Amino acid sequence: MKLLVTGGAGFIGSNYVHHILREYPEDSVVVLDLLTYAGNLENLKEAEGNPQYRFEKGDIADANIVDTLVSECDAVVHFAAESHVDRSIVDPMAFVRTNVLGTQVLLDAARNNGKKRFHHVSTDEVFGALGPDDAPFNESTSYDPRSPYSASKAGSDHLVRAYFHTYGLPVTISNCSNNYGPYHFPEKLIPLAITNLLEGKSVPVYGDGKQVRDWLHVEDHCKAIDLVFRKGRIGETYCVGGNGERENIHIIKTLLDALGLGEDRIEYVTDRPGHDRRYAIDFSKIKDELGWEPSVTLEEGLQRTVEWYREHEEWWRKLKMKS
């Protein structure tokens, strides 16, 4: 099979490319990525020289390049997205253009080139926020996005479903909880905390730090996406969670312990506007139907992630200098 992986130079996309090339040596991968600030060819360095891998620089909103590449491939796995909530508050238009318009361009290309198999990677943030005692999100949870980022991802999810119902496009969707692990761009909570601490800096924590997120190791997420893509029921959505619901401040303190540092390195800052208090995912559907569940515990995953950033200092220092 020949896969077109959009956003394959980003955090989750690059991990997925490595997963496919490792687990399916007979498959080939074409990566389409515009290499904006979060796209980084260094993330794909291990794939260079592999005859089953090819990189194309381009914009998913460019119908010409998208149509050409989709026509060459058997399926599309769509990661490409603007994904940082803070940036979406400052510049919503960029998020609507990439996440909504870009997804529509890809869907049109898949429809017009023989109804290619299409998997769309989304987020739990489309469901809004949970109270402390609310049941976790599942596939039936109503959409209630709270930021320009999550609203744009919600729009893309609705478009994918519309192309299934209107045109019979063979699609699946996965909505995941917060990912962490290798190649995570150092503006997000965990890599920012680790790299700041390694640089001798403090760690900024929004508000009281008691926002709750469900943390999913990126390798577990890639396995889940692969299962949904190959064995999931067409037209269905699968929620993917990490069984790792923790307060942000707990995550920071765990990282401080892993690095042998004290809580004097925490810097509490003004909270983000409209900051969702809690996310959590019920992944029983993908577990029951496809046999998937997370294999990496949060404690193990955080320790592995700290070690990865220790060993890849040149990678993250370059990125922090640019940003």
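The values are calculated or read from the model by the stated rules, or taken from the named source; none is laboratory data. Not measured: the values here are computed from a predicted model. Heads up, the Cβs are rebuilt from the backbone with ideal geometry, glycines too, and the neighbour counts pull from every protein chain shown.
So the values come out like this:
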| read-out | value |
| --- | --- |
| Filter result for the condition that a residue is free of Cβ contacts under 8 Å to residues at least 40 places away in the same chain and either in contact with a Pro (Cβ under 6 Å, 6 or more places away or on another chain) or surrounded by 16 or more Cβ atoms within 10 Å (Cβ to Cβ) (or both), over 110, 47, 61, 80 | 47 |
| Of all residues in the stretch 64-77 being among the hydrophobic types (A, V, I, L, M, F, W, C) and outside any loop (DSSP other than H, G, I, E, B), the one that is surrounded by the fewest Cβ atoms within 10 Å (Cβ to Cβ) | 65 |
| Yes/no for residue 261 being surrounded by fewer than 17 Cβ atoms within 10 Å (Cβ to Cβ) and of a type in the set (A, V, I, L, M) | yes |
| The one condition in (1) under 19 Å from residue 285 (Cα atoms); (2) at pLDDT 95 or above; (3) buried (at least 17 other Cβ atoms within 10 Å of the Cβ) that residue 255 fails to fulfil | (1) |
| Residue 67 vs. criteria more than 27 Å from residue 322 (Cβ to Cβ) and more than 20 Å from the chain's Cα centre (by Cα) | yes |
| Residue check, residue 153 outside any loop (DSSP other than H, G, I, E, B) and either in contact with an Asp or Glu (Cβ under 6 Å, 6 or more places away or on another chain) or touching a residue at least 12 places away in the same chain (Cβ under 8 Å) (or both) | yes |
| Elements of type strands (runs of 3 or more DSSP E) contained in the stretch 170-228, each with 1 or more residues being buried (at least 18 other Cβ atoms within 10 Å of the Cβ), within 20 Å of the chain's Cα centre (by Cα) and touching a residue at least 12 places away in the same chain (Cβ under 8 Å) | 171-176, 178-180, 212-217 |
